[in-house]
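*Asks:* Input: one structure, supplied below.
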Amino acid sequence: MIPARLSRTEFARRVAGTVPHPAPVRIIHLGLGHFFRAHQAWYTAHAHDAAEWGIAAFTGRSVASAEALNHQDGLFTLVERGPENDRLEVVGSVTEAVAGQNIERLETFARDPQVAVVTLTVTESGYRLNTAGLPDLDNVDVRADLDALRAGASASLTVLGRLTSALRARCNAGGGPIAVVPCDNIPSNGAFVARGVVEFAEQVDPDLAAWITANVSFVSTSVDRITPHTDETPDIVSSAGWLDELTVITEPFSDWVLAGDFPAGRPGWESAGARFVDDIEPWENRKLWLLNGAHSLLTFAGMQRGLSTVAEAITDSECRALVEAFWTEAVLCLPHGTEHVQYRRQLIERFANPRIVHRLAQIAAEATTKVQFRFAAVAERSLAAGRDASASARALAIWVAWLREGHRVEDARADAVAVAEASGDPVSSLITLVSPTLAAHPGFVGDVRRFLCDVSTIQKPYSVDD
């Protein structure tokens, strides 16, 4: 008989056969969330040299997740949920979990020359950068962090502030070069974060900005693993006899493509399936447009049709047709030779997995920025190449219709959306918000207006009253 609760060591031995020993901290991670645990932590745990690479993981805002993970000695269960069954494993790559506000501990790790990598899982808007990729000086938290750093104190309110505090501590301690690895859905994310951090540091101390430019490598990445946010504890975990507060449910598929230098070393992530390439752009765009673009399209169209999950939306014939049309347009924007046929086939299978409950309402967060990078980017490239951009125009129209229906979710650009909707020409204003280039193209704007009148792709009719 399995006891009501096994010790952590007994549980790990029962499930994994071995007990992961804490590795020395050589990686700092900012953003202790579900995706980090299913992706970067998983890859590090599966690297051939995992015993040499422990992670100090810092939360974003929550203190509870750090306390829970430390209570479990850094161990958590990862459930790979296939269409028919689950596979369970214990992940032990997190050596220490820390509340994000504990900047003193962050700076201590950053000073250590043995710490070689900083990874981040941050939402598109979480960097607090404006559309030009510069620090948003209108944001009160950004200004507060700048004031703190200028006064010689540490910054704790924003990712930019925390990262700059850590890099300043390393610079002052002579800790040597280091790699920063953003793991998000922003195109050219390494260059994007590099510019934001250097500009932020320039506002504090030009010498610090110069040190960052000379000593910090910003690695670009494409990350891919569908990991819905859920607090469910699957039967396979509870029946094993362990009470895990931080179980992660994810899909069997995973992918990680990286491009950039690691001047102080890195784990052997390629032994866990990661790929290192010279040019990240084809891979990040393939994932951003085909996976993330489809997610957003399914969200806007699916919610208007009364659907609630990705699995429901992809099996809806109208939603599926929208996705297929957008993909046909998007793949023409990829460099010749970029594999997409098998990837698209895999995406359909992944989306249709009914046991991965990926809620459309969760995907809807930060919709404006997502539309900019997923729909508008494809439209701009299509028009620049002299090709048809009607599928992208339809996608933008469905977003506008979704807004008209009154959907309101967390969005850092919500105020700008409200201003655009209240303008004399809301359609043109909303398009301007995600792409001034598209807004200046009369034919494209006309297509968006025309598709707004086409009610065949949505459940309810919407009038064009602008």
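*Asks:* Identify, from the list ARG359, ARG394, ARG374, ARG355, the residue that is among the basic types (Lys, Arg), under 19 Å from GLU284 (Cα atoms) and in the same structural domain as ALA440 (by TED's automatic domain parsing). Let's see the steps before the verdict.
*Replies:* Values: ARG359 fails: under 19 Å from GLU284 (Cα atoms); ARG394 fails: under 19 Å from GLU284 (Cα atoms); ARG355 fails: under 19 Å from GLU284 (Cα atoms).
None of the others qualify; the one that does is ARG374.
*Asks:* While we're looking at this one, here's another question. So, ASP138, is that one in a loop (DSSP other than H, G, I, E, B) and buried (at least 16 other Cβ atoms within 10 Å of the Cβ) or not? Give the steps one after another, and end with the answer.
*Replies:* Numbers: in a loop (DSSP other than H, G, I, E, B): yes; buried (at least 16 other Cβ atoms within 10 Å of the Cβ): no.
Criteria not met by ASP138.
*Asks:* Still on this structure: Inside segment 182-266, counting only helices (runs of 4 or more DSSP H) that do not spill past its ends, which hold 1 or more residues that are in contact (Cβ under 8 Å) with a residue 12 or more places away in the chain and within 19 Å of the chain's Cα centre (by Cα)?
*Replies:* Counting at least 1 such residues, we get 189-204.
*Asks:* Follow-up question, since we're still on this one. Conditions first: (1) free of Cβ contacts under 8 Å to residues at least 12 places away in the same chain; (2) in contact with a His (Cβ under 9 Å, 6 or more places away or on another chain). ASN85 passes all but one, so which condition is the exception?
*Replies:* Condition (2) is where ASN85 drops out.
*Asks:* What number of residues within segment 225-268 are modelled with pLDDT of 95 or more and more than 24 Å from PHE351 (Cβ to Cβ)?
*Replies:* Qualifying residue count for the region: 11.
*Asks:* Of the conditions (1) exposed (fewer than 15 other Cβ atoms within 10 Å of the Cβ); (2) assigned to a helix (DSSP H, G or I); (3) modelled with pLDDT under 95, SER271 fails just one. Which one is it?
*Replies:* Failed condition: (3).
*Asks:* Same structure again: Where residues in segment 276-306 are in a helix (DSSP H, G or I) and among the basic types (Lys, Arg), which of them is surrounded by the fewest Cβ atoms within 10 Å (Cβ to Cβ)?
*Replies:* Going through segment 276-306, the residues in a helix (DSSP H, G or I) turn out to be 281-304.
Now drop any that are not among the basic types (Lys, Arg), which leaves 286-287.
Values: ARG286: 23, LYS287: 19.
Step by step, filter segment 276-306, then rank; the result is LYS287.
*Asks:* Then there's this: Would you mind finding the one in THR338, THR299, THR328 that is polar (S, T, N, Q) and touching a Leu at 6+ places or on another chain (Cβ under 8 Å)?
*Replies:* Values: THR338 fails: touching a Leu at 6+ places or on another chain (Cβ under 8 Å); THR328 fails: touching a Leu at 6+ places or on another chain (Cβ under 8 Å).
From the options THR338, THR299, THR328, the qualifying one is THR299.
*Asks:* Next up: With the condition being crowded, with 19+ Cβ neighbours inside 10 Å and at pLDDT 95 or above, I'd like the helices (runs of 4 or more DSSP H) fully within segment 21-83 carrying at least 1 qualifying residues. Lay out the reasoning, then the answer.
*Replies:* Details: elements: 34-38, 40-46, 64-71.
Counting at least 1 such residues, we get 34-38, 40-46.
*Asks:* Given the residues LEU246, LEU258, LEU307, which is the only one that is assigned by TED's automatic domain parsing to the domain that holds HIS340 and either of a type outside the set (D, E, K, R) or in contact with a strand residue (DSSP E or B) (Cβ under 6 Å, 6 or more places away or on another chain) (or both)? Spell out the reasoning first.
*Replies:* Numbers: LEU246 fails: assigned by TED's automatic domain parsing to the domain that holds HIS340; LEU258 fails: assigned by TED's automatic domain parsing to the domain that holds HIS340.
One residue alone meets the criteria, LEU307.
*Asks:* Further, regarding this structure: Please find, among ILE458, ILE431, the residue that is crowded, with 19+ Cβ neighbours inside 10 Å, within 22 Å of TRP289 (Cα to Cα), of a type outside the set (Lys, Arg) and at pLDDT below 95. Steps first, answer last, please.
*Replies:* On the way: ILE431 fails: at pLDDT below 95.
None of the other options fit; the residue is ILE458.
The values are calculated or read from the model by the stated rules, or taken from the named source; none is laboratory data. Quantities reported herein were computed from a predicted structural model and do not represent experimental measurements. Heads up, the Cβs are rebuilt from the backbone with ideal geometry, glycines too, and the neighbour counts pull from every protein chain shown.
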